[in-house]
Amino acid sequence: MSRSTRRFGVTCGLSLLAAVAMTACGGGGGGDNPAPLEPPTQVATPKTLKVGVLPDTQGGNELVAEHPMRALLDLYKEQGVKVVLVVGDLGENGTAAEHQQWRAVAEPYLKDMTFLPIMGNHDNKGKDQDWHDWIGTLIPVDAEHMAGARNKNYAVVRGNVLLLNISYGWMPFSYDFIERTIAKHRDKVDHVLLQTHNSFVGNKYGLLRERIVEGYTSEEGDVAFQAVYDKYRRLFAANDVIYISGHEHMYARSALRDDTYRQFTQIVSGSASYKGYENRYGEHEQVQNTLMLKARVESTGTLDVNASIFDISDDRIDFKAWYAEHSAMNNSSGAKELATPNWHLFDRFTRSATRCEKIVYPSSIPAGIQFNNAYDSSYRTSACASPSGGSARILDGENRTFNRHDTRTRTMAFEPGKTVATSNRDMLSMMYRFMFIENASWRPNLNNSQRARLVNEGTSDEEVEVRATTIDLKKQVVLAWEGKTSATLSDRLHVSGIAAQGGTYIDPYGTVKNIETDTGLPGSRGDSSEAGKAPVVLPTWASRSWTLDPVAPNDPYVLEFKLPAGTTAARATLARWNAATGTWEPLVASNCLSQQAYVASHLTTAPSDLSGACVGDVAVGFDAARSAFWARLRQDGQFAIVSR
């Protein structure tokens with residue numbers, strides 16, 4: 001099956017790697033432990049699958065954080081999740097007692113869900129045999145294991161989804177296994193999800209910083225990862241891999257890119273434990289655009305438990321992420337709010353095999369700077385072709401509603417004879433080579449004028465400092481196509497990523513700040529000065545909340561949708577899918593269709609041929625010269641041309 005993904009300005013086909021036979025071997029098992037689980041019976045390849053993510057459940061002195069874990073699994077059962085990715089750090093010390101405790105919490109859900117566990121850094125504190133006996137037995141018997149790493153690194157295919165599972169510390173050594181496995185299954189699956197414990201690019205940890213910028217010449221894993229870093233990025237981008245991790249105890253979604261600017265998605269899944277982590281390094285501008293970030297540490301008085309679900313239907317993924325705030329800090333405190341969690345939807349996207357994407361910057365970009373090709377706050381896109389030859393694009397709109405967050409200062413230093421960097425100046429150079437954009441008039445760093453710098457230069461206290469700063473989130477606008485149905489005249493178009501943020505602002509620890517009154521940290525203005533980001537005048541429709549309301553208005557934008565060949569405007573209309581009723585609903589009544597071509601003033605005012613009840617948030621017109629409908633909209637959604 002061929003797949004194509006178009007980024008506006010960049011077109012890339014997903015390469016189909018040659019199939020290579022793969023063998024798996026390794027040790028483990030034995031003892032008085034639960035029997036391996038049989039894979040679910042599959043009469044035919046299912047078209048739908050729901051995959052949930054279980055973040056770190058380590059509980060400190062409590063060993064396993066039982067209350068957050070149960071709250072998540074209850075939600076997943078209610079939502080019909082069939083596969084749960086367990087991203088590692090199941091407990092605190094990797095002991096047999098912790099594994100048994102974790103298994104006891106999971107046991108009631110095993111009849112409804114398949115658990116795919118991997119080891120985190122805390123699980124590595126224990127013994128392999130205990131892992132094999134208590135956790136490894138959850139892995140389905142049809143899993144394909146990496147040679148020598150049974151129950152640690154393995155692949156499972158469910159329906160049209162390849163699920164790759166790589167334990168902590170193994171990414172430097174697993175490239176060949178991952179590449180071969182993708183090649184083996186690429187023609188038979190539509191989606192590749194890879195879970196591992198550490199983020200590829202992290203706000204607190206991350207393979208890029210730890211293994212490369214601060215890498216040791218004496219550390220086998222660091223040397224190995226340096227050799228495969230670019231190969232991984234190309235492989236993941238070419239095969240549209242979604243990279244999922246834990247470890248950071250905060251939620252973050254970002255678009256990462258390879259050396260040719262092809263993108264792939266990273267999701268850091270958050271926390272289901274009794275601790276949160278602060279945001280240290282923030283966005284790595286050289287390779288990353290951060291699209292959503294939410295942190296909360298226990299010193300704020302509450303924590304978040306994070307839930308993420310991939311709702312997969314054929315070649316489409318509808319992704320949603322929720323959080324539930326709670327004050328349960330240990331098992332003995334009782335479940336508290338987690339007895340009846342208040343789940344808030346705060347992140348989402350829709351994608352399909354045929355789609356177009358654009359990274360949209362916030363409207364806080366300072367006036368008068370050079371735009372470095374990318375600093376664009378307009379939702380406007382190029383035309384995006386559908387599977388049957390149709391076309392749509394976004395004509396107008398600006399990103400005026402966005403979230404903001406702070407990071408904290410961190411320092412590091414080279415170690416003579418150990419680090420790859422041979423001096424602090426060398427380490428700073430590597431930081432700008434791999435992580436951050438070095439500010440210049442022709443390429444300003446929007447996050448800070450001195451993103452990283454030498455401090456105490458020439459003294460015994462010399463270090464490289466990553467400066468505390470203020471970062472505005474970007475948006476990834478996605479136009480995702482599916483084929484037409486008997487109810488539509490055109491292919492169906494999903495628009496997502498515009499109504500994606502509400503105007504929140506937090507410090508590195510999750511404490512609430514006010515984006516409308518609080519100035520950002522020094523140097524964050526983005527104009528090469530030492531000024532902080534200016535307070536934002538949010539539009540009246542901004543929710544100023546984390547919660548995404550699917551029916552609340554957000555930034556206005558204008559969608560153009562070409563009329564299918566052989567169809568006349570007199571018998572067609574532009575409609576939105578109503579999931580609640582399962583019907584297509586025209587955006588406006590037929591007597592409220594403007595006959596004017598779109599002009600910029602229509603973003604805020606109605607066309608002159610509309611009046612009375614026809615004037616509202618939504619306006620629709622038909623441009624006869626372009627044979628296309630245009631619509632001013634305020635929400636994401638699914639759209640198609642249907643019969644009147």
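The values are calculated or read from the model by the stated rules, or taken from the named source; none is laboratory data. Since this is a predicted model, take the numbers as computed values, not measurements. In this analysis, Cβ positions are derived from the backbone assuming ideal geometry, glycine residues included, and neighbour counts consider all displayed protein chains. Accessible surface areas use protein heavy atoms only, side chains included; no ligands, DNA or RNA. Shrake-Rupley method; radii C 1.70, N 1.55, O 1.52, S 1.80 Å.
Look at the dipole of the chain built from charges on Cβ: of ALA468, SER529, THR302, the Cα furthest out on the positive end belongs to SER529.
With unit charges on the beta carbon (Lys/Arg positive, Asp/Glu negative), name the residue among ASN578, ASN160, LEU110 whose Cα is farthest towards the positive pole of the charge dipole of the chain. Among ASN578, ASN160, LEU110, the one farthest towards the positive end of the dipole of the chain is ASN578. Here's the picture: charge each Lys and Arg Cβ at +1 and each Asp and Glu Cβ at -1 in segment 409-467, and of SER449, ASN424, THR459 the one pushed furthest to the positive end of that dipole is SER449. Accessible surface calculations at 1.4 Å, restricted to protein heavy atoms, place the chain at 36 Å² per residue. Take each peptide in 306-319, 326-339, count the other Cβ atoms within 10 Å of every residue, and average; sorted highest first, the result is 306-319, 326-339. Of the peptides 127-135, 411-419, the order by per-residue mean of other Cβ atoms within 10 Å, starting with the highest, comes out as 127-135, 411-419.
In the chain, the DSSP beta bridges split such that about 80 percent are antiparallel, to the nearest 5. Within the accessible area of segment 330-436, what % is carbon and sulfur when the probe is 1.4 Å and the other protein chains stay in place? With neighbouring chains kept in place, the figure for segment 330-436 is 47 percent. Based on the convex hull around the alpha carbon atoms, segment 48-353 presents an average projected area of 14.5 nm².
The share of accessible area on segment 510-644 that comes from carbon and sulfur is 56 percent, using a 1.4 angstrom probe. Relative to the Cα centre, the charge distribution of the chain, modelled as +1 at Lys and Arg Cβ and -1 at Asp and Glu Cβ, gives a dipole magnitude of about 1980 debye. Rg and Dmax of the chain, both derived from C-alpha coordinates alone, stand at 24.9, 79 Å. Spin-label pair ALA600-GLN129: with each label point 7 Å from Cα along the Cα-Cβ axis, the two points sit 7.4 nm from one another. Helix-only arithmetic for the chain: the sum of -39500 (n - 2.57) across DSSP H runs with n ≥ 4, divided by the residue total, places the mean residue ellipticity at 222 nm at -3500 deg cm²/dmol. Each Cα pair under 8 Å and six or more residues apart adds its separation to the average, and for segment 48-353 the resulting relative contact order is 18 percent.
Taking Cβ atoms as reference points and 9 Å as the exclusive limit, the residues near ARG280 contribute a net charge of +2, counting Lys and Arg as +1 and Asp and Glu as -1.
Summing +1 for each Lys or Arg and -1 for each Asp or Glu among the other residues whose beta-carbon sits under 11 angstrom from that of ILE242 gives +1. For segment 409-467, the calculated P(r) over all alpha carbon pairs, in 10 Å bins from 0 to the bin holding the longest distance, is 24, 52, 21, 3 percent.
Please compute the net charge surrounding ALA569, taking Lys and Arg as +1 and Asp and Glu as -1 over other residues with Cβ under 14 Å from its Cβ. Neighbour charge sum, excluding ALA569 itself: +2.
Return the carbon/sulfur percentage of the accessible area of segment 80-131, one whole number, probe 1.4 Å, all protein chains in place. The value for segment 80-131 is 50 percent carbon and sulfur by accessible area. What separates the Cα centres of segment 368-431 and segment 293-362 is a distance of 23 Å.
Summing Cβ point charges (Lys, Arg +1; Asp, Glu -1) relative to the Cα centre of segment 409-467 gives a dipole of roughly 320 debye.
About its Cα centre, the dipole of segment 48-353 is roughly 560 debye, where the only charges are +1 on Lys and Arg Cβ and -1 on Asp and Glu Cβ.
Sorting the segments 288-294, 174-180 by their residues' average number of neighbouring beta-carbon atoms within 10 angstrom, most packed first, yields 288-294, 174-180.
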